[in-house]
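What follows draws every value from the coordinates through simple rules; no lab data is involved. As the structure is a prediction and not an experimental result, all values here were calculated from the model. Every residue, glycine as well, gets a Cβ built from its backbone with ideal geometry; the counts of neighbours run over all protein chains shown.
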């Protein structure tokens, strides 16, 4: 049933674009990269080790994500629209975080008997993947708070940030925690001008204390990144083996083994648990290059805009939101090293925001 509303939305979008005399899509570097990856995955599907699996991932994940991303990139061309989507992402994060808190209070641990996972299905059903969404929208929530002139909105956003941070802890996601550290460092660097060294020292002490005193097995899980023998479940060693295999498969298969086919070489038919080697092993070297460009280009453009605003002294309402978007993408780039989420929605939202902010900024220039 979900296909019909999606199809209706796509048709409505195309009709609206053509009626307004606009092309079906703008062609930014990010959109070109996604079009290349999607087309490549489809054209080389006959060469996949498991064509059925490739088609399933293409229909259920890649094509949906690509189309919605392209639509967002084309319709989010005003500050108001971008902020609306940002608030939506934050609201989803609040819902997931509250559900995590509630499950923890009731002692309901659906993953490995000691980890909270929200029973909503889809991409949020996995605690590691849910943590990625929270990592992305924590800096965006901070930016929305700093950007607001209303004290109640500011306090609301900061409360939301605390709740989402606590939810990441409850998921006991190693990738989520590393992403959170990256986000914290970026926030200090971007927002803490004049106090960076002091803030860095305080944050480092807090991070070390947290790792040592984290509730449950979270501290042990985090330390197992560097010492796999500490992981009683064996997942750390397993993921290390998956990473090695995916790198070897990447080097031996320049064209890739086929979309979604990383399970054919994974330990116990598992995915790579790494978004980068997920793309490189499944879709080959060219698609991997396109994926990296897709992630890096928006950061470079936003950084350029930020620098120009600093030099000109422009007091734009989008300045803080641009920084929050950059940090959200950085958080994803770190966290996704531990999750096969390259074809899922997570990073496509902040990158669509980045494209929108570029359009807003360009229109504001004389």
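Here the relative contact order of the range 243-366, from alpha carbon pairs under 8 Å that lie six or more residues apart, stands at 26 percent. Model label points for residue 310 and residue 166, set 7 angstrom from Cα along the Cα-to-Cβ axis, are 3.5 nm apart.
Among 165-178, 298-311, the peptide with the highest mean count of other Cβ atoms within 10 Å heads the list, and the full ranking is 165-178, 298-311.
For the range 259-327, what is the Kirkwood hydrodynamic radius in Å, using each pair of distinct C-alpha atoms?
Numbers: mean 1/r = 0.0691 Å⁻¹.
When all Cα pairs of the range 259-327 are included, the Kirkwood radius is 14.5 Å.
Note on 25, 325, 65: ascending count of other Cβ atoms within 10 Å places them as 25, 65, 325, the fewest first. Annotation: peptides 145-151, 58-64, 255-261, ranked by per-residue average of other Cβ atoms within 10 Å with the highest first, follow the order 255-261, 58-64, 145-151. Take the Cα of residue 8, step 7 Å toward its Cβ, do the same at residue 119, and the gap between the two points is 3.0 nm.
Based on the mean of other Cβ atoms within 10 Å per residue, sort peptides 27-40, 271-284 so the most packed one is first.
Taking the mean over residues of other Cβ atoms within 10 Å, the ranking is 271-284, 27-40.
Throw me the Rg/Rh for the range 25-109, computed over C-alpha atoms with Kirkwood Rh, two decimals. Rg divided by Rh gives 1.15. The rule of thumb for compact globular proteins, 2.2 N^0.38 Å, goes into the C-alpha radius of gyration of the range 39-161 1.35 times.
Assuming R0 = 45 Å, can you tell me the calculated FRET efficiency for the pair residue 317 and residue 247, based on Cβ-Cβ distance, to the nearest 0.05?
Details: r = 44 Å, r/R0 = 0.98.
According to the calculation, E is roughly 0.55.
According to the Kirkwood expression over distinct Cα-Cα pairs, how big is the hydrodynamic radius of the range 296-366, in Å? Numbers along the way, then the final one.
Numbers: mean 1/r = 0.0781 Å⁻¹.
Hydrodynamic radius (Kirkwood, Cα only) of the range 296-366 equals 12.8 Å.
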